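The block underneath contains the structure these notes are about, expressed in C-alpha cells.
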Amino acid sequence: MDYQLHGFIIGSEIHFDILNQRLYRLPSRHADKSIVFITIGLNKTMLELFLYLMKHARERAVSKDELIQKVWEDNDLSCSSQRLWQVLSNLTKKLELLGLPADFISHSKQTGYRITDNTIRPVYYKENELTN
C-alpha cells in the first residue's frame with residue numbers, strides 16, 4: 001500500500017492541508033476555556049510555492065532560479081523576480097496571521113530561501129484512506 005503526503009504539522013498547532021489548500025491553526029492550550037480556530041486558504045501558485053519550500057527548503061536553501069523553474073515554469077506559468085517576491089510576501093503575511101514569525105521563510109542573496117522552523121513533521125495517509 002502506497003503512502004501519500006497529506007500535509008505538514010508545524011509545531012503543535014498549525015496544520016498544512018495540501019488537498020484542501022489550507023493552513024489552519026487549532027490551539028491546543030487552554031482548550032477548556034475557549035476555542036480559537038484560524039484558517040487561511042492558499043491560491044494554486046501560493047500552494048505550489050509553499051509546498052515546494054516545505055518539501056525542499058527545510059534541509060537546504062533553495063535558489064530563486066530553482067523556485068521559478070519548479071513552481072512556475074514546470075506548471076506552464078510565467079514568472080519574474082517581482083512575481084516571486086510578491087507571492088512570497090503575501091505568503092509571509094498569511095503565515096504571520098497564523099502566528100508564525102516573519103522569518104519562517106528566510107532569504108539570503110547568497111544561498112536562497114530556507115524554512116527556519118525545525119518542528120515541522122510531514123503527515124502521510126494510505127492512498128485509499130481518503131478516497132473511500
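Restricting to the range 85-100, and then to whatever is touching a residue at least 12 places away in the same chain (Cβ under 8 Å) and either part of a loop (DSSP other than H, G, I, E, B) or more than 19 Å from Gln21 (Cα to Cα) (or both), can you tell me which residue is farthest from the chain's Cα centre (by Cα)?
In this case the residue turns out to be Gly99.
Take the conditions under 18 Å from Tyr124 (Cα atoms) and exposed (fewer than 15 other Cβ atoms within 10 Å of the Cβ) and apply them to Leu19. Does it pass?
Criteria met by Leu19.
Screening the range 10-28 for residues that are part of a strand (DSSP E or B) and not aromatic (Phe, Trp, Tyr) and picking the one that is nearest to Asn43 (Cα to Cα) gives Arg22. Taking the range 70-84 as the range and being crowded, with 17+ Cβ neighbours inside 10 Å and not in a loop (DSSP other than H, G, I, E, B) as the test, the residues that pass are Val71, Trp72, Leu84.
Is it the case that some residue within the range 19-37 is aliphatic (A, V, I, L, M) and within 22 Å of Gly112 (Cα to Cα)? No: the range 19-37 contains no residue that is aliphatic (A, V, I, L, M) and within 22 Å of Gly112 (Cα to Cα). Only a single item in (1) out of contact with any Ser or Thr (no Cβ under 7 Å at 6 or more places or on another chain); (2) of a type in the set (Asp, Glu); (3) part of a loop (DSSP other than H, G, I, E, B) is not met by Asp103, and it is number (1).
The single condition among (1) modelled with pLDDT under 85; (2) closer than 26 Å to Leu84 by Cβ that Val36 does not satisfy is (2). Within the range 101-122, the set of residues being touching a residue at least 24 places away in the same chain (Cβ under 8 Å), within 23 Å of Leu5 (Cβ to Cβ) and surrounded by 11 or more Cβ atoms within 10 Å (Cβ to Cβ) comprises Ile105, Gly112, Tyr113, Arg114, Ile115, Asp117, Ile120, Pro122.
Only a single item in (1) outside any helix (DSSP H, G or I); (2) in contact with a strand residue (DSSP E or B) (Cβ under 9 Å, 6 or more places away or on another chain); (3) closer than 27 Å to Asn128 by Cα; (4) not hydrophobic (A, V, I, L, M, F, W, C) is not met by Arg60, and it is number (3). So, Asn90, is that one at pLDDT below 95 and out of contact with any strand residue (DSSP E or B) (no Cβ under 6 Å at 6 or more places or on another chain) or not? Criteria not met by Asn90. Condition check for Arg22 on (1) basic (Lys, Arg); (2) within 28 Å of Asp65 (Cβ to Cβ); (3) at pLDDT 95 or above: one failure, at (2). Among the residues of the range 110-132, none is identified as assigned to a loop (DSSP other than H, G, I, E, B), over 13 Å from the mean Cα position of the chain (by Cα), modelled with pLDDT of 90 or more and not polar (S, T, N, Q).
Selection of the range 46-56 for residues being buried (at least 19 other Cβ atoms within 10 Å of the Cβ) and more than 20 Å from Gly99 (Cα to Cα) yields only Glu48.
The values are calculated or read from the model by the stated rules, or taken from the named source; none is laboratory data. In this text, all values refer to a predicted model and were calculated from it rather than measured experimentally. Glycine gets a Cβ as well: all are built from the backbone with ideal geometry, and neighbour counts include every protein chain shown.
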